[in-house]
Amino acid sequence: MTLKEQLESFRSRMTAFNQWESEQPPVERSPAAILADLGFLMTWASAEDRLRDPDPEKLGIQRMRAIWALVDGK
């Protein structure tokens, strides 16, 4: 199989997946399940990384950190 054929096959599969995904109903999830997922994801980042803001001018990051501080109990 040539590279061109591989790319065409990949594009075809992605198109089929995107079509299938657009037809699926949204999954209902409880707030507790969402917070549990976010808590799990936060364990992947070190405390130092979570506290460091490489661009303090980004207000969205500052608001997100303020919300995390409320959730985290700090």
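Every number in this text was worked out from the coordinates using simple rules, so none of it is lab data. From a predicted model like this one, the values you see are computed outputs, not experimental measurements. Ideal geometry is used to build each Cβ from the backbone, glycine not excepted, and the neighbour counts take in all protein chains shown.
Details
- In the chain, taking the dipole from charged Cβ atoms about the Cα centre, the farthest positive-side position among 56, 32, 19 is held by 56.
- Extension gain, residue 37 back to residue 8 (0.36 nm per residue minus Cα-Cα distance, nm): 6.9 nm
- Cβ charges +1 (Lys, Arg) and -1 (Asp, Glu), total dipole of the chain, debye: 120
- Per residue of the chain, the DSSP helices (runs of n ≥ 4 H) give a summed -39500 (n - 2.57) that works out to -21500 deg cm²/dmol at 222 nm.
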